[in-house]
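Only the coordinates and a few stated rules stand behind these numbers; no lab work does. A quick note: this is a predicted structure, and the numbers were derived from the prediction, not measured. Backbone-built Cβ (ideal geometry, glycine too); neighbour counts: all protein chains shown.
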Ligand SMILES: [Mg+2]
């Protein structure tokens, strides 16, 4: 990863996952913002600028797919968005720039980060 701190926005309705992911990303030198719902995510996306969004797909109310749509239609449509889910079929036909099936390891996460942050939103790939 490059030297400057990447601003990463993570969204998940499960507090434990949000906590773990935040810790892992901070250890990798990222500046982390979190949201525990789709609605909070959309509000924060409108007010802040991020280098990367990592969102859970299945959430009550506004889903990760809707967060993706919002991120791609906002200020910076080139922002890479990574989808995470414990339900693999939700990841198989998606427009996310990368996907990570839960549970994933720290190594999986690092791999996705380096790929997505170096490629931007140009290429789509999965683990
Ligand atoms: Mg969820």
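Estimated from helices alone, the mean residue ellipticity of the chain at 222 nm is -12000 deg cm²/dmol (sum of -39500 (n - 2.57) over DSSP H runs with n ≥ 4, per residue). Here the label points at residue 106 and residue 20, each 7 Å from Cα along the C-beta direction, are separated by 1.3 nm in the simple model. The length gained by stretching the chain between residue 117 and residue 73 to full extension, at 0.36 nm per residue less their Cα-Cα distance, is 13.9 nm. The fewest-to-most ranking of 9, 104 by surrounding Cβ atoms within 10 Å reads 104, 9. With a Cα-only, solvent-free Debye model of the chain, what are the log10 I(q)/I(0) values at q = 0.11, 0.13 Å⁻¹? Values, matching the q order: -0.30, -0.43. Counted over the chain, the DSSP beta bridges are approximately 0% antiparallel.
Our note on the geometry: Cα centres of segment 45-82 and segment 12-43, 13 Å apart. Full extension of the chain between residue 63 and residue 27 gives 10.2 nm of extra length, using 0.36 nm per residue less the Cα-Cα distance. Of the residues 98, 71, 16, the one that moves most in a GNM of the chain with alpha-carbon contacts below 10 Å is 16.
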